[in-house]
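Okay, structure first, notes after.
The values are calculated or read from the model by the stated rules, or taken from the named source; none is laboratory data. Note that this is a predicted model, so its numbers are computed, not measured. With ideal geometry, Cβ positions are generated from the backbone for all residues, glycine too; neighbour counts draw on all protein chains shown.
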Amino acid sequence: MSRRVIACCLVLALVAAPATRALETDPYEAWTHEIADGTDALNAKINYELQKVIERVNGRRGIRRLTCDTVADHVTAHFRMLIFHPIEIWASKSPLIDRYPPTEEAELQSRETNIFGNHGPWDIGTWLPFGPTIEIHGVRIGTDKLAHFFSGGSSYYALYRRAQRQGKSAAEAERTVIDRGIFSEQTYLGYGTSGVMSPADLEANYRGMTFYLGLCNGDSPQLERDGDGYRLARSFDAREYVTVDWDESYNNSGFNKRRWKKVRPRLLGLCALLDHPWVVAQRRRYRERDTETPTELRMRQLIDEGKQEDLSVYSLDATCEGAGP
Amino acid sequence: MGVETSSGEFTALKPKPILGPAALLAGCLLAAPSYGAEDGAERSLMELVREEDERLKVRWDLFPRVRAGYPQSISAGLGVVRYRLPESWECVTTCPFRGLTLQVEPGIRGIQLSAGFGTLVAEKRRKARFLSDVHLAFGVKGVLLHRWDSSALDSAERTFAGIELSHTVTRINFSIGTLRRLERVQGGDWIVTAGMGWGF
């Protein structure tokens, strides 16, 4: 009896765990609502956390022998977490940063009204809370992007370094991590769990990797030797990393059939907003700042090769024009 | 911004050597207050972040568990977690609760008391002192289990002590433990416990 119970529990634990590795966000619910830019507060928080890690590492015995890469690993470990990341929770809670929905009660209500609000009771992908929207460097992002930046970025970073140790060039290593990211969204972190594939999440992952790589590499590494220990050579600035492609209302997600059936009617209810002056102005600003990223380039190649669905069919514009799937 | 401005002015006035240093000085004087203000703003934000991180309030909240498993069969428990979080965090929605946990869990075939350490990511929704939705949690607990099993093979009341690992993901709880019988008897000293349910 007990063996059967144990085996059953283990199997169910394994099945349930991956289903929760993705928090989602409704990128449209904050449209037309004012949100104060939170870049300075976010920078202050991240620089504070970086200082904490460095002080802790500097206090260790044998710090003189620690390489910069090892210190970078401590930074990675500090920010990385499973599903719910401290920095993401901070951005959803702290009074230092503005967000939408503006209050926790409003956040509870929005779970019923947002684009994922139409779901059945056994839809595990929607059992988890949704990330509220914040504004960083003039870009509206779900707080989940901070988790992708630090945690997804650390996975990319680890994979990139492994690829380089295996003798791959920088370009090959970059392609390896981007392909892995796309695969994860196509399967176990995206379509296979919440039913959502988010290229915006992949952009945040990629930028997170560049942050970790920049800790010890490049023309101006963020960490430098200071006597026996290390110090921050320059402060973290989110403006170096956040791009318009982090906004899922601009760089839209794709949905599997089951999720699309539920999301599409909600999207159709937003069509009138496309002509709203606030939305028109935001999109114009975004277009002026938009550049093609390595992830977009690779996605386009895969679409051309028929290995990836063109997600633009799920955009609000395509949906409202009746061109969606 | 200030650097760019001053450097731009300097370059533009380079053909006039007397004006050059004056322009540079003027540029620096103009730039200085703005740098000072930016630095000050950054410092004050850093101070606020530090305050938020360091000024934590100790609180206790309740959390539930209902599970089916061995050896208790069906059981329902109530626990309490002691944690520290920033004062301003209401935790109507997701908060991380980390700290000491105590739990009592009566069941059909026994009662379990446990004490340990847990990390819960949960929300209270509209309940003031009760974590109604546990999204993710890990815990290790020291367990005391008194069993009043009345099966045909083994009818004696017995007490066990040991450890239990508990993991909750999307409100579904999985637990596994190993306990040793406290009464000195021959054979059958150890049991493995397992269960699945809701809560933590």
Screening B:100, B:113, B:145, B:136 for residues that are in contact (Cβ under 8 Å) with a residue 40 or more places away in the chain and in a strand (DSSP E or B) leaves only B:145
Among helices (runs of 4 or more DSSP H) entirely within the stretch A:38-136, at least 3 residues that are modelled with pLDDT of 95 or more and at the interface with another protein chain (Cβ under 10 Å from one of its Cβ atoms) occur in A:39-58
For residue A:280, the lone unmet condition from (1) without any contact (Cβ under 8 Å) to a residue 40 or more places away in the chain; (2) of a type outside the set (Lys, Arg); (3) surrounded by 16 or more Cβ atoms within 10 Å (Cβ to Cβ) is (3)
- Query: Does residue A:292 satisfy being of a type in the set (Asp, Glu) and either crowded, with 16+ Cβ neighbours inside 10 Å or within 30 Å of residue A:170 (Cα to Cα) (or both)?
  - Reply: yes
Scanning the stretch B:68-89 for residues that are more than 8 Å from every other protein chain (Cβ to nearest Cβ) and in a loop (DSSP other than H, G, I, E, B), the one farthest from residue B:159 (Cα to Cα) turns out to be B:87
Among residues of the stretch A:227-250 being of a type outside the set (Lys, Arg), part of a strand (DSSP E or B) and in contact with a strand residue (DSSP E or B) (Cβ under 9 Å, 6 or more places away or on another chain), the residue surrounded by the fewest Cβ atoms within 10 Å (Cβ to Cβ) is A:232
All conditions in (1) under 20 Å from the mean Cα position of the chain (by Cα); (2) of a type in the set (Asp, Glu); (3) away from every other protein chain (no Cβ under 14 Å) are true of residue A:144 except (3)
Picked from the stretch B:90-107 (must be hydrophobic (A, V, I, L, M, F, W, C) and more than 14 Å from every other protein chain (Cβ to nearest Cβ)), the residue farthest from residue B:52 (Cα to Cα) is B:104
Of a type outside the set (D, E, K, R), surrounded by fewer than 22 Cβ atoms within 10 Å (Cβ to Cβ) and closer than 30 Å to residue B:170 by Cα: is that true of residue A:33 in this structure? no
Going through the stretch A:251-280 in order, the residues found to be within 18 Å of residue A:134 (Cα to Cα) and assigned to a helix (DSSP H, G or I) are A:278, A:279
